[in-house]
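Novice: Before anything else, here's the structure in question.
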Amino acid sequence: MNKIALITGATSGIGRATALLLAQNGFDIIATGRRADRLQELETQITTARILTLEFDVRDKVKVKEAISSLPEDWRQIDVLVNNAGNAHGLAPIQSGDEQDWEMMLDINVKGLLYVSKEIIPLMISRQQGHIINIGSVAGKEAYPNGNVYNASKFAVDALSQGMRFDLLKENIKVSEINPGLVQTEFSEVRFKGDKDRAEAVYQGFQPLVAQDIADIILFMVTRPPHVNLAEILVYPAAQASATVVHKT
Ligand code: NDP
Ligand code: 8X3
């Protein structure tokens, strides 16, 4: 019988690549996101494993609870939770930051991760097994100019990953964190509110990571032997040395 992986934010970028890769490698997939058309498309693309999709906004804790409660019995043995849903909204000095952007980043990246985890952790505890992978960021390891609230949200993911690891130790649940540098996805388009030129410029002059690179790491993490937990990985493109130092040609 396949293991089951629930991936938040599976409609795009890292989450989508992870859903496709895990499905090719013996996992049944629960894919979540807000865009129903993307979820339906993913259903047609995953043919070698079972796939179930759940459409919800991670900010809505009632909907999160309802969605996870609605899982049929044969989908409730979740082995892997990938807390991936998230984005940056805006890139502005703290003194001119937009409050709605701030709320989105804290509500999605931090509270959303908590709401989903709160529903899945009891299912894992009841089986005394599971693996939670939190997608943090280099932005959660070092702040950078104008990153402020996005940085804060990812520093929170880092703290929560460490905290979860302590609290779930006796429950035999592994907690891992992946902190990527620049990955070319829809991330910058969202950050710059649909400005495609500005988004593309972020990745020009060097070879950025792609979503598949992060999916490969997730697959490696979740296929280690039971006694091994790869607790944390910081992964850059070869041309990146810190959050702000990128060698562009
Ligand atoms: P994308 O924009 O391509 O994907 C973001 C995903 O998150 C989408 O599937 C989106 O689905 C989902 N999402 C966003 N908001 C919500 C919400 N309110 N409720 C439910 N789902 C939501 O970006 P990435 O793949 O790059 O980002 C994935 C994760 O990786 C994020 O946590 C990001 O912070 C992190 N990261 C990204 C890096 C990069 O350079 N790209 C580097 C380091 C970390 P939908 O819109 O359908 O709801
Ligand atoms: C995404 C990477 O450098 O834009 O978390 O913050 S960065």
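Quick note: the coordinates plus some simple rules give every number you see, no bench work behind them. For clarity, every value in this text was computed on a predicted model and none was experimentally measured. Cβ: placed from backbone, ideal geometry, glycine included. Neighbour counts: every protein chain shown.
Novice: Neighbouring Cβ atoms within 10 Å as the yardstick, rank Arg59, Arg50 fewest first. Provide the component values of the computation, followed by the final result.
Specialist: Values: Arg59 17, Arg50 14.
By the 10 Å Cβ count, ascending, the order reads Arg50, Arg59.
Novice: Equivalent-ellipsoid semi-axes (√(5λ), Cα gyration tensor) for the chain, whole Å, largest first?
Specialist: So the equivalent ellipsoid measures 28, 19, 19 Å along its semi-axes.
Novice: Another question, if that's okay. Enter the angle in degrees (range 0 to 90, nearest 10) between the Cα long axis of helix 36-45 and the first principal axis of the Cα atoms of the chain, meaning the one along which they spread out most.
Specialist: Its long axis makes an angle of about 60 degrees.
Novice: State to the nearest 20 debye the size of the charge dipole of the stretch 89-155 about its Cα centre, where the only charges are +1 on K and R beta carbons and -1 on D and E beta carbons.
Specialist: Magnitude of the dipole: close to 420 debye.
Novice: Using Cα positions and a limit of under 21 Å, work out the lysines in reach of Lys118, with same-chain residues fewer than 8 apart set aside.
Specialist: Partners within reach: Lys3, Lys61, Lys63, Lys65, Lys154, Lys170, Lys174.
Novice: I'd like to compare 237-243, 51-57, 224-230: which one has the highest average count of other Cβ atoms within 10 Å, and what's the full order after that?
Specialist: 51-57, 237-243, 224-230
Novice: Among the aspartates and glutamates, select those whose C-alpha is under 13 Å from the C-alpha of Lys196, and discard any that sit fewer than 8 residues away in the same chain.
Specialist: Glu186
Novice: Could you run the Karplus curve 6.51 cos²θ - 1.76 cosθ + 1.60 with θ = phi - 60° over the stretch 127-137 and give me ³J(HN,Hα) per residue in whole Hz, x for Gly and Pro?
Specialist: 9, 6, 6, x, 8, 10, 10, 9, 8, x, 5
Novice: Between the stretch 5-80 and the stretch 108-144, what is the C-alpha centre distance in whole Å?
Specialist: The distance from the Cα centre of the stretch 5-80 to that of the stretch 108-144 comes to 15 Å.
Novice: So for each of 98-109, 132-143 I average, over its residues, the number of other beta carbons within 10 Å; can you give me the resulting order with the highest mean first?
Specialist: In decreasing order of mean packing, 98-109, 132-143 become 132-143, 98-109.
Novice: If you plug each phi of the stretch 49-64 into the Karplus form 6.51 cos²θ - 1.76 cosθ + 1.60 with θ = phi - 60°, what whole-Hz ³J(HN,Hα) values come out, in order, with x for Gly and Pro?
Specialist: 8, 6, 9, 10, 10, 10, 9, 7, 8, 5, 6, 9, 5, 5, 5, 4
Novice: Counting only residues 5 or more places away or on other chains, whose amide H sits under 5 Å from the amide H of Leu81 once H atoms are built in the peptide plane?
Specialist: Distant-sequence amide H within range of Leu81: Leu6, His131, Ile132, Ile133.
Novice: Count the net charge of all other residues whose Cβ sits under 14 Å from the Cβ of Glu189, scoring Lys and Arg as +1 and Asp and Glu as -1.
Specialist: Every neighbour counted, the sum reads +1.
Novice: Taking the Cα centre of the chain as origin, sum charge times position over the Cβ atoms of Lys and Arg (+1) and Asp and Glu (-1), and report the length of that vector in debye to the nearest 20. Present the calculation step by step, with values, prior to reporting the outcome.
Specialist: Numbers: 25 positive and 30 negative charges, 90 e Å.
Once rounded to the nearest 20, the dipole reads 440 debye.
Novice: About the Cα centre, and with charges only on the beta carbon of Lys, Arg (+1) and Asp, Glu (-1), how big is the dipole of the stretch 1-88? Nearest 20 debye, please.
Specialist: The calculation lands at about 260 debye.
Novice: From the phi angles alone, apply the Karplus equation (6.51, -1.76, 1.60; θ = phi - 60°) to the stretch 191-198 and give each ³J(HN,Hα) in whole Hz, x where the residue is Gly or Pro.
Specialist: 3J(HN,Hα) across the stretch 191-198, in whole Hz: 4, 9, 6, x, 7, 5, 4, 5.
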